[in-house]
Amino acid sequence: MNDVFQLSVIAGILTSAIRLATPYLYAAIGETFSQRSGVVNLGVDGIMLIGAYASFYIVLITGNIWLGLLAAIIAGLLMGLLMSLISVTLKAEQGISGIGLYMFGLGLSSLLFKTTIGTVKTVTGFQSVKIPLLGDIPVVGKIFFDHSLLVYGAFLLIPLAWWVLEKTTWGLQIKSVGQNPAAADSLGVNVDRMRYTSVCIGAILAGIAGASLSISLLNLFQENLTAGQGFIAVALVYFGNWKPQGILWGALLFSTVNAFQLWMQVLGVKIPSDIAIMLPYVLTIAALAVATNRVRQPAALNKPFERGES
Amino acid sequence: MASGASTKEKQQIKRVEMCNIIKYFPGVLANDRVCFDINQGEVHALLGENGAGKSTLMRQLYGLYRPDEGEILINSKPYTFNSPADAIEAGIGMIHQHFMLIPTFTVAENVALGLKSSREPVLDLDKVSARIRKLSQLYGLNVDPSAYLWQLSVGEQQRVEIIKALYRGASLIILDEPTAVLTPQEVNDLFVTLKRMVKDGHTLIFISHKLHEVMEISSRVTVLRDGRIIGTCPTAEITRNELVKMMVGREVHPLSPQPLKSGPVRLEIRNLQVMGDRGTEALRGVDFEIHSGEIVGLAGVSGNGQRELAECLAGVRKTTQGEILLDNEDITSLPLKRRVDIGLAYIPEERMRDGAIRDFSVQENVFLHDHSSTKYTHGIFLDFSRMRAFANELVNKFNVKTPSLDTPIKNLSGGNIQKLIMARELSRQPKVLIAAQPTRGVDIGATEYIHQRLLQQREEGTAILLISEDLDEIRVLSDRIAVLYEGRIMGVVERNEATVEQIGLMMAGISMAETMQRTS
Amino acid sequence: MFKRLIVVLVFVAILVTACTSPTATEAPTAAPVKTFRIAVIMPSAITDMAFSQSMWNALVAVQTEMGGETALELKYSEGMFKVPDAAAAIRDYASQGFDIVIAHGSQYGSSVQEIAPDFPDVTFAWGTDVNTFGMPNVYAYTAAAEEGGYVNGVLAAMLTKSKTIGVTGPVEVGDAKTYIDGFVQGVESVDATINVSKTWTGSFSDVALMTEAAKTHIAAGADILTGSSQSVVGSIGAAKENGSVLWFGTQQDQASLAPDLVVASQVYDWTGMIKEIIAKHLAGTLGGETYILQLKNGGLKIAFNPGYALPAEVKAAGEKAIEDITAGTIVVNP
């Protein structure tokens, strides 16, 4: 029982948490861009699957991880264009289109997997890269500075996304079309173009989220590899109050509790496994319930824009 | 992506011509061969009733719509605007009736939106703020660049809109009903600013339906009716009555209600306290009474508790504290239906949301309340022939223009819907009538009719609470005027004693005692 | 209106793509007279390297033995993780006149119980379980997974240096549980001081969490991993990444996933059972019995990975355990 409080165990939990948080961070930051521009994309999980498949397949046949990453980006972009076409240009109901996109991604990735790969295979993906000096610090180095490039990328994405949204003219325009598209339009901001770009950025990041599973963390692909992680990512956007820093804490909370429960089981702490498994979800729901008091979602979320209607 | 740079000098607009503009909407010809022109340094008023086509015409000049036919010339060169960005580039700005602002952004962010930054791609809000302060000083537009929009009053928000246009170097600015949401003092401030802008070489188009404002600010006036130009002439050469005739198409006689000897107290409100939608206190202890045969006008800038008061009196909002007495009977905790039975009638502010059911027919809407009255039922069945006869009678009596009794009410004009709701409410001979914004969005003809009806009801002994943002309406109709500010009554004045200035000060939150000192 | 139509069409297209791909893929068909027909419904993919694949491989082997598609027609529905979908598929196949319908998942029991009485001429087989519901046309089957678990446990106990072994799995039920119970008994028979720690992830499909669970074991000092179920591939991935952690498989020979690291796998061989059920069906016995795969009856086999250099004395100990279980001198408790 006392084992839980050993330094090595705490370090192990944090190392696991950082790995587990990675796909959530990519996907949830991507969804933040989408939602900040006023589009709810519930198809994140489907896009992750397509991204995971595309990158895995390319690495399998070429052995080049960078080409694999590029494949995930292109796959994400195509899915993003499809979502934008349906929800922005054709103004379809966003929730339904997103679910449609999810099913499309799930079906297509399974089909392609069966026809081109067929059975479970593994690849050599992104390997851990120890950062010089920092990586040699005892304990801390192992926790934070000995991961694959895609893990570092996910954490660098947080300040980058914050900077884009809060400090650039472009971020201001994204937020404006999500808050009051008519006002943005009246100032010459091209609402549809901003939404297309934001949804596509979101989809590209979802594609990378998939790649972070299939060619970095797991190095394998199978049907429904993501197992609904994309939906948790969407929930994290609400949890994080549409802010990158909020999403970081949400993702870390979820993944730390998950890592914690795995360690509890490994160390043989006497609690039923069912309870341990429930822990991260219960805690996340509890935190979400507390957090909803301060939630302020983009005012034009889920609303198509048509000029002259107000 | 964004339109032109903020600091670059734009062309000076010397002359704009809109020639033979035709604009169709499904089923409506909104602009019918409209010709309109404006020269530098002018304030050109565009006058007309709701639906006359004023806003549609200006939205085409601002690039929000494209004309189906006709052309726009600026300094004698033809222009085609595909979007507001093109119009902004050409030096045109527009202050919309519903502000185009983003509440979660700061003033500086609202101004910078859509513009290139000097440090692209990074925002340069410090520079933007500095220029906003300069413009504020120059034109008397006092506003803090770092404040969030949701923290600002309506008047301040309008200043932000004007700064946005000036910041973009607009030399022609379109103002769409800019005074509709302002207190009289704020209107004065606005006019001071507008005059400074004109002096500086700006050109203004002023859309309004308030005649005295048009007479005060404009140098030329164009009247539109049913999508067509009725006439254009220098303001100095035309009278108010002539303008009304041009707008409505016939003579309109001003009302001059005779003082009545008011009867006993009908409605009494004591220390009424009510919560608003956001959980804040909307009414913080309101007291007043209305006598039989009296109209009490409730003035105030919208959002100061008027809606909550009306809903509370009607019985659709819960009272947290206080009492409402109707003919000395406590109705505070009675539900809507019981209040109606006792003799309360309610004309709601949002007539299409709270007063009628869009897809129901005219006849069905007449019987929204009375469908279970024994007059129209046989046991559990409705007596349709009697209902039809009654609906027919109301429609005729109140001059409701409708193709038939079975027409869905959503197909009627605003004025006719309002007349129908009024007919329904007044047909029960109520003891107390709550009329919230009864003429908002209603044309002059229907307004005139509704006003006459209210006065007639007053003569029949009904106690009427008239809630309106139109101070002119309140001053003409009311026997006494109460001013509501942040959920409190700032003061009650007799019609003959009230000056616009005094009421305006109370609307801005200054107590009656203080206003007496200031105005004397 | 036109816009709406396009949107509707797009969705129809999406739905069609989504629905047609993961389920009800047809195996090659042929329809001469007297072809014996078997349909199987499986919770995961036939390529899962585990539970579903073990059954499919067995069916294909029987088909080849019987003379190909003309003699035995096979159809399958995979990825039927939703029980109502599976129930619909079971009923469909039964009404299409298949001779045997195999519901390959313990979660399908209630569906079989409900549907079987409506099709008295069809044989239903389901597992893993032992309950035939007392119905004359239902066979139940299960695997004595604890037997192979015991053998793997003996081998693992002799190979571990850190004296720590990690076990991962989705949920603590069925043959996942019995395999691990047997494994622990096997380990204890060699060295009771060895620490076997277990993690359950609660999900059959969450590979990411399964992989992290395996990495957690490795971080906690485990040098041997084992586990059951479909998503165990994730654990092999973690073992492979580490490079020195060994793996013991179950249900299917998993050596191909990591040829250097897999020591041995318990293999479910359903061919004998399938052949017996076919024979009984043809003889007129449509059900009412329970089959249990055992080392003794050849339903369970231990596949040693030829690519792993297993010390001779360890292999000998493993083979002795197999003999003892077969002979009944060692009894493994499920």
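The values are calculated or read from the model by the stated rules, or taken from the named source; none is laboratory data. The shown structure was predicted, so the numbers you read here are calculated from the model rather than taken from an experiment. Neighbour counts are summed over all protein chains in view; Cβ atoms, including those assigned to glycine, are modelled from backbone coordinates with ideal geometry. Only protein heavy atoms, including side chains, enter the accessible area calculation; ligands, DNA and RNA are left aside. Shrake-Rupley method; radii C 1.70, N 1.55, O 1.52, S 1.80 Å.
Couple of notes before you dig in:
- When only alpha carbons are used to place a centre, region C:235-287 and region A:192-263 end up 34 Å from one another.
- Ranked by solvent-accessible area (1.4 Å probe, protein heavy atoms only, all chains present), the residues A:Lys243, C:Lys320, B:Lys210 order from largest to smallest as C:Lys320, A:Lys243, B:Lys210.
- To the nearest 10, the accessible area of B:Glu17 is 40 Å² with a 1.4 Å probe.
- Region B:116-175 versus region B:81-100: alpha-carbon centroid distance in Å: 15 Å
- Dipole of region B:311-427, positive direction: furthest Cα of B:Val340, B:Asn396, B:Asn328, with charges on the beta-carbon: B:Asn396
- When the other protein chains are added to the chain by itself, burial of at least 30 square angstrom of heavy-atom accessible area (probe 1.4 Å, ligands and nucleic acids ignored) affects these residues of region B:89-111: B:Met100, B:Ile102, B:Thr104, B:Phe105, B:Glu109.
- Accessible carbon and sulfur surface of region B:265-519 relative to its total accessible area, %, 1.4 Å: 47 percent
- Exercise: per-residue mean of other protein chain Cβ atoms within 10 Å, A:123-129: 1
- In a reduced charge model with +1 at each Lys and Arg Cβ and -1 at each Asp and Glu Cβ, region B:265-519 shows a dipole moment near 680 debye about its Cα centre.
- Helix axis angle, C:233-242 relative to chain C longest principal axis, alpha carbon, degrees: 30 degrees
- Rolling a 1.4 Å probe over the protein chains gives A:Lys142 an accessible area of about 120 Å².
- Here the accessible area is traced with a 1.4 Å probe on the protein chains. For region A:2-292, carbon and sulfur cover 74 percent of it.
- Cross-link pairs beyond the 20 Å C-alpha cut-off, checked among B:Lys210/B:Lys245; B:Lys210/B:Lys261; B:Lys10/B:Lys164; C:Lys161/C:Lys240; B:Lys116/B:Lys199; B:Lys337/B:Lys375: B:Lys210/B:Lys261; B:Lys116/B:Lys199
- Contact residues in region A:161-176 by the 10 Å² criterion (accessible area, 1.4 Å probe, full protein complex versus chain alone): A:Trp163, A:Glu166, A:Lys167, A:Thr168, A:Thr169, A:Trp170, A:Leu172, A:Gln173, A:Lys175, A:Ser176.
- The A-C contact accounts for roughly 3600 square angstrom of buried accessible surface, both chains included, probe 1.4 angstrom.
- Exercise: per-residue mean of other protein chain Cβ atoms within 10 Å, B:81-88: 3
- For the peptide B:112-120, the mean number of other protein chain Cβ atoms found within 10 angstrom of a residue's Cβ is 5.
- Kirkwood analysis of region B:265-519, using all unique Cα-Cα pairs, places the hydrodynamic radius at 18.9 Å.
- Debye log10 I(q)/I(0) at q = 0.07, 0.08, 0.11, 0.13 Å⁻¹ for chain B, Cα point scatterers: -0.45, -0.58, -1.06, -1.35
- Protection proxy ranking, highest mean first, for peptides A:181-194, B:336-349, C:56-69, B:254-267: A:181-194, B:336-349, C:56-69, B:254-267, where packing is the per-residue count of other beta-carbon atoms within 10 Å, averaged.
- Counting every pair of alpha carbons in region A:2-292, the share spaced more than 33 Å apart comes to 24 percent.
- Mean-position separation - Cα centroids, region B:313-342 and region B:204-246, in angstrom: 45 Å
- Electrostatic dipole magnitude of chain C [Cβ: Lys, Arg +1; Asp, Glu -1; Cα centre; debye, to 20]: 600 debye
- At q = 0.28, 0.29, 0.33 Å⁻¹, base-10 log of I(q)/I(0) for region C:116-162 (Debye sum, equal scatterers on each alpha carbon): -0.95, -0.98, -1.11
- Counting DSSP beta bridges with both ends in the protein assembly as shown, the antiparallel % (nearest 5): 45 percent
- Positions from region C:161-198 whose accessible area shrinks by 10 Å² or more when the full protein complex is built, not the chain alone, probe 1.4 Å: C:Glu172, C:Ser197, C:Lys198
- Accessible area of the protein assembly as shown divided out per residue, in Å², using a probe of 1.4 angstrom: 40 Å²
- Sequence of B:Arg480, C:Arg91 from largest to smallest accessible area, 1.4 Å probe: C:Arg91, B:Arg480
- Comparing A:Val88, A:Val282, A:Val257 in a Gaussian network model of chain A where C-alpha atoms under 10 Å apart are linked, the largest mean-square fluctuation is found at A:Val282.
- Residue among A:Met278, A:Met79, A:Met103 with the largest mean-square fluctuation in a Gaussian network model of chain A, springs linking Cα atoms under 10 Å: A:Met278
- The smallest convex shape that holds all Cα atoms of the protein assembly as shown, its convex hull, gives 241 Å³ per residue.
- Considering all different alpha carbon pairs of region A:1-138, the Kirkwood hydrodynamic radius works out to 17.4 Å.
- Net charge dipole size for the protein assembly as shown [Lys, Arg +1 and Asp, Glu -1 on Cβ; Debye, nearest 20]: 2600 debye
- Its DSSP H runs of at least 4 residues, each contributing -39,500 (n - 2.57), put the calculated 222 nm mean residue ellipticity of chain A at -22000 deg cm²/dmol, to the nearest 500.
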